[in-house]
Amino acid sequence: MTSSSTPAPASPGAPQPLRPLRRLTARGREESHRVSSPLELFFDLCFVVAIAQAGAGLVHAVAVGHAGEGVLNYAMLFFAIWWAWMNFTWFASAYDNDDALYRVVTLVQIAGVLVLAAGVSRAFTDHDFALVLIGYVIMRVALASQWLRAAREAEGAERTMALRYAGGVLLCQVGWLGLVVLPEHARPWVFLVMAIAELCVPVYAEKNHSTSWHPHHIAERFGLFTIIVLGETIAAATVAVKSAVAEHDAVSELLPIAAGGLLIVFSAWWIYFVVPIHGHLRSNRQSFLWGYGHYLIFASAASIGAGIEVAVEEAVGKAHLSTTAASAAVTVPTALYLLTVWALHSRHFKVGLAQQLVLPVTALLVICCTFLGDWAVPAAGLVSAAAVVTGTTLTARTAGRRRPADTAATAS
């Protein structure tokens with residue numbers, strides 16, 4: 001049964017009567033006014049709880065001098081959070097029917113992420129992933145039930161795809177048990193193998209039939225989650241600055257860090273949303289790379305906030321690391337964010353070498369700011385802001401040169 005054989009339900013973004021049970025069939029990719037639903041927004045906000053806990057664990061690990069271990073744990077935990085969010089988001093874009101059963105199963109997934117969030121601190125401090133795994137299993141089993149429900153209504157290649165998704169999700173949960181039962185030194189390898197296996201499930205499942213995800217809806221969902229992650233970055237940094245001022249009365253030391261951090265976050269928002277990406281998402285060939293690449297965008301954006309917290313703690317003498325190392329906690333994720341956004345978004349819309357080089361050069365200059373001592377963070381903020389000004393100016397000049405040419409072509 002294809003998406004064209006069943007009328008799509010009204011957009012869940014608009015108020016509509018709640019039905020206890022609807023058929024869970026594929027929605028049309030060409031639907032108009034396809035927007036994020038209140039349930040999806042609630043889902044995102046609850047995921048930020050887990051992201052905040054992971055960021056707090058990263059801050060503590062870096063501040064006490066265990067940066068390598070902290071980054072590894074953060075990468076593993078953030079993958080679990082991000083991948084569960086990713087799978088729900090793409091499924092909802094294709095199959096959200098907003099009936100009572102769909103809502104209940106989604107709320108179960110939210111409960112799972114809250115269980116995962118409760119276990120993040122223990123995973124960082126004691127390397128105990130049991131509670132994290134329980135939360136992840138709750139989320140993933142609930143998602144598998146949604147795929148089985150979709151398979152029940154589907155036929156042919158679409159049914160095969162849905163069953164492959166459900167089977168792949170459930171099989172991967174067995175592999176993740178290695179994080180609990182295997183020795184600690186083997187866990188990073190378990191994570192690497194299982195992360196690759198998880199990423200392969202959608203590729204295999206959609207080999208012969210693609211889900212009817214909606215380009216505008218997907219672009220909006222990822223954009224909204226980017227906003228939420230950047231908002232969490234500002235919130236975490238604000239709390240850190242407020243606490244440091246109250247305890248140490250170090251306004252003069254913290255003001256440059258706060259200003260620089262704010263410029264970085266503002267620039268990060270501007271750079272991500274400067275171009276509409278939905279037109280680039282035409283098929284799975286583009287969407288898989290784009291969606292998977294957002295692991296680095298989301299993780300680096302959240303890490304900027306953790307880095308600002310580390311820089312604040314170092315400035316008031318609470319962190320056991322050098323000024324250069326504390327600065328790197330801000331500049332490295334900032335540079336990674338700039339490069340990833342350029343690779344996934346901006347390069348598809350840039351015209352000419354000058355425009356293409358703005359973000360890569362900015363990332364390099366931000367890394368160089370690491371070695372400026374106490375002025376590293378404000379300098380990185382100014383460089384990021386300069387990238388926005390430069391990119392906007394070059395785009396305006398290019399548009400200005402094109403306009404007369406377009407007018408002449410039309411007249412001829």
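All of LEU148, LEU131 fail the test of being over 25 Å from ARG103 (Cβ atoms), open to solvent by 50 Å² or more (accessible area, probe 1.4 Å), without any contact (Cβ under 8 Å) to a residue 24 or more places away in the chain and assigned to a helix (DSSP H, G or I), apart from LEU131. Restricting GLY65, GLY119, GLY57 to residues that are small (Gly, Ala, Ser), open to solvent by 10 Å² or more (accessible area, probe 1.4 Å) and within 22 Å of the chain's Cα centre (by Cα) narrows the list to GLY57.
Once the range 273-298 is narrowed to residues that are part of a helix (DSSP H, G or I) and open to solvent by less than 10 Å² (accessible area, probe 1.4 Å), the residue that is modelled with the lowest pLDDT is SER287. Considering (1) within 21 Å of GLU309 (Cβ to Cβ); (2) open to solvent by less than 20 Å² (accessible area, probe 1.4 Å), the lone condition that ALA363 does not fulfil carries the number (1). For THR106, the requirement of being under 20 Å from ALA195 (Cβ atoms), surrounded by 20 or more Cβ atoms within 10 Å (Cβ to Cβ) and of a type in the set (S, T, N, Q) is not met. The listed residues are LEU148, LEU179, LEU131, LEU163, and the only one of them that is modelled with pLDDT of 90 or more, more than 29 Å from ARG27 (Cβ to Cβ) and out of contact with any Pro (no Cβ under 9 Å at 6 or more places or on another chain) turns out to be LEU131. THR160 - would you say it is surrounded by fewer than 20 Cβ atoms within 10 Å (Cβ to Cβ) and touching a residue at least 24 places away in the same chain (Cβ under 8 Å)? In short, yes. In the range 58-73, the residues that are under 15 Å from ILE308 (Cβ atoms) and in a helix (DSSP H, G or I) form Cβ pairs under 7 Å with partners that are aliphatic (A, V, I, L, M) and open to solvent by less than 20 Å² (accessible area, probe 1.4 Å), at six or more places apart or across chains, as follows: LEU58/ALA306; VAL59/ALA306; VAL59/VAL310; VAL62/VAL310; ALA63/VAL310; ALA63/ALA319. Looking at (1) modelled with pLDDT under 90; (2) in contact with a Lys or Arg (Cβ under 8 Å, 6 or more places away or on another chain), which one does ARG122 not meet, given that it meets all the others? Just one mismatch for ARG122, condition (2).
A search for C-beta distances below 7 Å between a residue of the range 177-198 that is of a type in the set (Asp, Glu) and any residue that is surrounded by 14 or more Cβ atoms within 10 Å (Cβ to Cβ), counting only pairs 6+ apart in sequence or on different chains, returns GLU198/TRP83; GLU198/CYS172.
Test ALA306 against the criterion of being open to solvent by 10 Å² or more (accessible area, probe 1.4 Å), farther than 30 Å from VAL201 by Cα and not β-branched (Val, Ile, Thr), and give yes or no. Spelling it out, it is not the case that ALA306 is open to solvent by 10 Å² or more (accessible area, probe 1.4 Å), farther than 30 Å from VAL201 by Cα and not β-branched (Val, Ile, Thr). When PHE78 is tested against (1) under 13 Å from the mean Cα position of the chain (by Cα); (2) more than 29 Å from PHE124 (Cα to Cα), only condition (2) is not met. The condition (being under 21 Å from the mean Cα position of the chain (by Cα) and more than 26 Å from VAL104 (Cα to Cα)) is satisfied by just one residue among ALA157, ALA197, ALA186: ALA197.
I'd like to check something: does the range 208-218 contain any residue that is under 30 Å from GLU155 (Cα atoms), assigned to a helix (DSSP H, G or I) and out of contact with any helix residue (DSSP H, G or I) (no Cβ under 7 Å at 6 or more places or on another chain)? No, the range 208-218 has no match at all.
The values are calculated or read from the model by the stated rules, or taken from the named source; none is laboratory data. Quick caveat, the model's predicted, so the values are computed rather than measured. Positions of Cβ are generated from backbone atoms using ideal geometry, with glycine treated the same way; all protein chains shown enter the neighbour counts. When the accessible area is computed, the model is the full protein with side chains, heavy atoms only, and any ligands, DNA or RNA have been set aside. Shrake-Rupley method; radii C 1.70, N 1.55, O 1.52, S 1.80 Å.
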